[in-house]
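What follows is a short report on a single structure.
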């Protein structure tokens, strides 16, 4: 009788140990799956960001192709006044004009950053192409 009782007890210990091993394995696999899913989401986000950036660069290049460089002194007075009033301390680095009479103005701001602005000949900022957070003149 002792032997049977020992065998049952031994089987019970083996069963509990196997149960713990299976649980630990399932937990480890679940954790790895969650980490892998997070990495896949990060890769997908990076791909989306890269595609958006590529589209923005392509759009800028398309816009830039229409403009021909001019001297900053050739900018109309209203455009120069708009730069001076909306971007205090900014200086015009480069200027461009297209066939429609629209202007692309690259300015160096007071905090040493470059901004590209788009304006009409009368000094109004063009919202559709504007890459700035400054005020819009209406």
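Where a number appears in this text, it was derived from the coordinates with a stated rule and is not lab data. Bear in mind the structure is a predicted one, so any value in this text is a computation, not a measurement. So basically every Cβ, Gly included, is an ideal-geometry build from the backbone, and we count neighbours across all protein chains shown.
Between residue 45 and residue 66, 0.36 nm times their residue separation minus their Cα-Cα distance comes to what?
Going from the current span to full extension adds 4.3 nm.
Extension gain residue 110-residue 16, at 0.36 nm per residue separation less the Cα-Cα distance, in nm? Please list the in-between numbers first.
Values: separation 94, 0.36 × 94 = 33.84 nm, distance 7.19 nm.
Here the answer is 26.7 nm.
Stretch residue 24-residue 124 to full length: gain in nm at 0.36 nm per residue minus the Cα-Cα span? Mind showing how you got there, number by number?
On the way: separation 100, 0.36 × 100 = 36.00 nm, distance 6.69 nm.
The residue 24-residue 124 span can extend by a further 29.3 nm.
Among 118, 103, rank each residue by its count of other Cβ atoms within 10 Å, from fewest to most, as a rough exposure measure. Walk me through the numbers before you get to the answer.
Numbers: 118 21, 103 24.
Least to most surrounded, the residues fall as 118, 103.
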